[in-house]
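Presented below is the structure to which this report refers.
Values quoted throughout were computed directly from the atomic coordinates according to the rules given, and no laboratory measurement underlies them. Keep in mind that this is a model prediction, so the values were computed, not measured. Glycine gets a Cβ as well: all are built from the backbone with ideal geometry, and neighbour counts include every protein chain shown.
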Amino acid sequence: MVTRPIVFLLLNLATSRSGAQVAGAEPTWRVVADVPLPGEPARFDYQSFDASTGWLWIAHMGAGEVLAFNVRTRRVVARVPDMAGATGIRVIPALRRVFVSLSGSHAVAMLDSRDGHMVGRVPGGQFPDGLAYAPSERKLFVSDENGRQELVIDVATSMARQPISLGGEVGNTQYDSVTGRIWVAIQTRNELVGIDPATDAVVARIAVPGVERPHGFYLDAPHRLAYVTGEANATVGVLDLKTTRIVRIYHVCDEPDVVDLTSVRHRLYIACESGIITPFEVRGDSLKPLPPYRAPRAHSVAVDPFTGLVYVPLENVQGRPVLRILRLE
């Protein structure tokens, strides 16, 4: 296990390395476009990209709606109302479905990914948030942050199964395509929990020392790495899933939230509630800090896996919501 002296040494090394890089020649951010979005200027949450259609699905949480944005034509192609407190969102192209966590109505909505029309709702949870889909079992797993549990939905029947008690406040949820497990961040226990989707049983608990209140994380399953952010101490830890050890820790922006990774230039993007996006270049199990991007309420980020363009919904730009399209070059 990584001891705290080693953790703080890694933090100091990461900080000094970041300062040296900013002083030298670095990539720069460029605004490609600001596309006005419909609805009132209100909070956005998670996004999910459908590579089969080029549609980016966006949870407009504060406005109680979901938007579908065509990244090729740069137009909103679907607008779904009555999505009270839309937080997590996950498109599953193979099912032609979009699943949306509705914290306002304590349910999970199911939409048709071809046009956004409502297919059904499954009630459950105190604050449903992150979602992950286990294709072999055809089950959807939903983190219930305040309920301290993982919701389980049988997608074939649209029926809720018995929730899984996790013993702590729950953060995001991710599917591991290599092991078939579901991983869940437990904020109040500083750990990741592994669930077997066949039995709905907890089969692993991994401590993440030095990462305080893990909420957002990204699972790079092929490389057996997880990037876990600490909401309380503004860090990202590189977790080696083979050894179940934190191997690196870096400073990021305050209150890290949404994390995305793209194979285009091997970059990791961490968006924070403080309105800053912290990017890194991925080098094996190490991260090279890149220049941050600042914009009010920039706490949600999605990256086009083909072009590397970065999509950041901003709730209020001169009185209206905008989807800012960025490039780091």
Taking the C-alpha atoms of the stretch 185-327, convex hull volume expressed per residue in Å³: 125
Gain upon complete extension [residue 320, residue 266; 0.36 nm per residue less C-alpha separation]: 16.2 nm
Lys/Arg +1, Asp/Glu -1 at C-beta; the stretch 4-324 dipole; positive extreme among 229, 201, 61: 229
Taking only Cα atoms of the stretch 4-324, radius of gyration then Dmax in Å: 18.6, 56
Sequence ranges 163-171, 202-210, ranked by mean other-Cβ count within 10 angstrom, highest first: 163-171, 202-210
Directionally averaged projected area (convex hull, Cα atoms, the stretch 146-248), nm²: 6.4
q = 0.12, 0.19, 0.27 Å⁻¹, the stretch 33-97: log10 I(q)/I(0) [Debye, one scatterer per Cα]: -0.27, -0.68, -1.25
Helix-only [θ]222 nm of the chain, DSSP H runs n ≥ 4, -39500 (n - 2.57) each, per residue, nearest 500: -2000 deg cm²/dmol
The chain: relative contact order in percent, alpha carbon pairs under 8 Å with at least 6 residues between: 15
